[in-house]
1. Can you bin the stretch 28-70 into rounded, prolate or oblate? Criterion: square roots of the alpha carbon gyration tensor eigenvalues sorted a ≥ b ≥ c, rounded for a/c under 1.5, prolate for a/b above b/c, oblate for the rest.
2. What figure, in Å² to the nearest 10, do you get for the accessible area of L25 with a 1.4 Å probe and non-protein molecules left out?
3. Go through T72, T24 and list them by solvent-accessible area, largest first, probe radius 1.4 Å.
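The values are calculated or read from the model by the stated rules, or taken from the named source; none is laboratory data. None of the values given here were measured: they were computed from a predicted structure. Each accessible area value is taken on the protein alone, full model and side chains, heavy atoms only, with ligands, DNA and RNA left out. Shrake-Rupley method; radii C 1.70, N 1.55, O 1.52, S 1.80 Å.
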Amino acid sequence: RVLLSLDTQRRPAPDLHGYAQALTLTPAQARVLHSLAHGLRPAQIAAALGIAASTVRGHVTALRRKTGYRSTADLIMAMQRLPPLRCSSRRAYCTR
């Protein structure tokens, strides 16, 4: 007999550290990406990080440019589907 367990709950947001390294994100961009992946809206991110909403929007624009996603919604959905990624100190050695 085989027992299958279906996970019907939403997956938690992935650990984005490896992707931040692979995409050469700045620390601020990585914090914004992490916050977006955890469901925060730009205004909430600005308040949590103590920065202006316009700064968050600038980081989101840079994230979309670096990842190639045209919309923030597409970026967030893609990041939530990612498996954990481990990176060495060199970008070339990132693995899933």
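1. Verdict is prolate for the stretch 28-70.
2. Around 20 Å² of this residue is reachable by solvent.
3. T24, T72
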